[in-house]
Amino acid sequence: MTLKKRLNKKTKKSLQNQHTDLLKMLHDQGKIIYDALNENKFPSFSIPSKSTRNIIYDPELRQYILGNTASLRSSKNTSQVRSFTQLVWLAFFANRLTQEKKSSTLRDVYYSSQAFAVDFENQAESDNIIVDLEAVLSKPRETFHVFPEERSSIFGDLDIEYTVPGYEGKKMNLSNHPDGYAIGPSLTTSEFVDSSADIVIAVEKGGLFTRFIEEQVDKKFKAIIVDTGGQAARSTRTLLKRLHDELSLPVIILTDGDVYGEHIAMVIKSGSANAAHLRELTVPDAKWVGVWATDIEKFKLPTIPMTDSDIKRCRDLKKDPRYQKGIWKKELDVFLKLKRKAELEAFSKYGLTNITDKYLPHKIEISKTL
């Protein structure tokens with residue numbers, strides 16, 4: 001391999017600092033509770049409000065953020081005792097996961113609570129408490145080792161070094177397996193060592209991800225390919241952000257030619273209102289390069305009619321401040337005009353490799369002008 005990017009030790013130091021900072025935040029929250037008890041006071045948490053009135057779009061950060069409103073969850077309030085104690089337990093569990101470098105999932109947290117006789121009515125209640133802890137710490141759950149189920153993959157010339165217990169120091173090149181590698185906890189927390197890539201291509205569908213590997217898109221375009229598995233899980237978005245920030249790689253996004261594909265790209269670029277309490281999940285410079293509504297006519301793609309639900313979604317997004325200009329507005333308008341949508345696979349009409357031979361290189365060039 002030539003022209004590899006040699007990463008400095010700042011990456012390793014940054015990951016170590018994140019780990020240390022997270023433990024300190026959890027310790028500080030615990031100290032607040034202990035101090036209150038020692039002073040014969042009822043302990044409480046201050047939690048930033050996630051109500052729609054406190055969610056605002058920040059044009060400078062290019063994402064939704066929370067305003068300054070916060071609420072107090074107090075053990076003094078009988079209606080809040082249940083959620084207060086659930087949050088205390090979750091902070092304890094998160095501290096244990098982080099200290100011992102163990103991983104969990106949303107579902108695993110729910111079931112683990114039963115082992116501690118902590119009562120959650122269902123997983124939805126458990127998930128909401130996890131979001132509360134994220135808001136208290138202003139950190140995504142992945143930093144305290146709670147990950148989604150694996151459903152995304154990555155492939156390309158990127159050497160990583162594992163940091164999880166039992167695999168510390170072991171290195172892997174992500175082009176070694178023809179199916180790619182699942183984006184799980186061990187990969188998400190690994191350190192980037194070397195890469196010869198010039199670009200990251202995020203594609204919505206696993207079928208196209210496999211096709212891209214078969215057609216050696218990684219070599220032809222010096223690309224790292226990421227299968228987002230539909231709406232990208234937060235660990236996938238975190239990895240995309242790391243590839244962009246730590247390797248200085250441009251990120252382009254390919255989705256189906258419909259309103260949901262457009263929004264998948266927007267969430268990678270600027271997050272979602274549901275995650276307004278977090279600021280480490282977005283790639284504001286990412287480029288959505290297709291399939292655009294205008295591509296449907298330009299490339300004469302096979303289409304299917306938009307449903308009433310598709311049209312309603314278009315109209316809802318037109319009220320979102322992020323869709324008020326540029327291609328985001330233009331493509332929504334064309335979708336509403338055409339009332340048709342197309343899949344990424346529509347390019348197979350012109351041959352199975354048409355999308356990698358012609359459409360992709362065309363879009364990579366266009367991405368440089370967006």
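Tabulated results
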item	result
Region 250-317 - percent relative contact order, Cα under 8 Å, separation 6 or more	38
Phi-based couplings in Hz for region 260-265 (Karplus 6.51, -1.76, 1.60; Gly and Pro marked x)	6, x, 4, 6, 4, 5
Dipole-positive endmost among 173, 48, 64 within the chain (Cβ charges, Cα centre)	64
Descending semi-axes in Å of region 125-239, equivalent ellipsoid built from Cα gyration tensor	27, 17, 11
Reachable aspartates and glutamates, given that their alpha-carbon falls under 16 Å from the alpha-carbon of residue 139 and they are not under 8 places away in the same chain	21, 28, 127, 280
Karplus-derived 3J(HN,Hα), 6.51/-1.76/1.60, for each residue of region 360-370, Hz, glycine and proline x	4, x, 4, 6, 4, 5, 5, 4, 6, 9, 7
Amide H partners (placed H, <5 Å) of residue 58, local residues excluded	63, 64, 65
Listed peptides 358-364, 283-289 by packing density, highest first (mean Cβ within 10 Å)	283-289, 358-364
Shape of region 252-370, Cα gyration tensor, a/c cut at 1.5	oblate
Carbon/sulfur fraction of accessible area - region 229-326, other protein chains in place, 1.4 Å, %	54
Computed helical MRE - 222 nm, the chain, DSSP H runs ≥ 4 contributing -39500 (n - 2.57), nearest 500	-13000 deg cm²/dmol
Highest to lowest packing among 242-249, 172-179, scored as the average C-beta count within 10 Å	242-249, 172-179
Relative contact order [Cα under 8 Å, 6+ residues apart], region 73-186, whole percent	23
Dipole magnitude of the chain, debye to nearest 20 (Cβ charges: Lys/Arg +1, Asp/Glu -1, about Cα centre)	880
Charge dipole magnitude, Cβ of K and R +1, D and E -1 - region 226-370, Cα centre, debye nearest 20	480
Å² per residue, accessible surface of the chain at 1.4 Å	48
Region 191-262: C-alpha gyration tensor shape, a/c 1.5 cut-off, then a/b vs b/c	oblate
Shape of region 40-149, Cα gyration tensor, a/c cut at 1.5	oblate
Whole-percent carbon and sulfur share, accessible surface of region 60-133, 1.4 Å	48
Under-5 Å amide H pairs with residue 340, H placed in peptide plane, nonlocal only	306
Reach of residue 219 by Cα under 26 Å, taken over lysines that are not fewer than 8 positions away in the same chain	4, 5, 170, 171, 205, 241, 269, 287, 349, 358, 363, 368
In order through region 276-285: 3J(HN,Hα) via Karplus (6.51 cos²θ - 1.76 cosθ + 1.60), integer Hz, x for Gly, Pro	5, 7, 10, 10, 10, 10, 10, 10, x, 8
Spatially proximal lysines relative to residue 41 (Cα-Cα < 25 Å; intrachain offsets below 8 disregarded)	24, 31, 76
Peptides ranked, highest mean first, by Cβ atoms within 10 Å: ranges 341-354, 193-206, 49-62	193-206, 341-354, 49-62
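The values are calculated or read from the model by the stated rules, or taken from the named source; none is laboratory data. This is a predicted model, so every value here is computed, not measured. Don't worry about glycine lacking a Cβ; one is built from the backbone with ideal geometry, like all the others, and counts go over all protein chains shown. When the accessible area is computed, the model is the full protein with side chains, heavy atoms only, and any ligands, DNA or RNA have been set aside. Shrake-Rupley method; radii C 1.70, N 1.55, O 1.52, S 1.80 Å.
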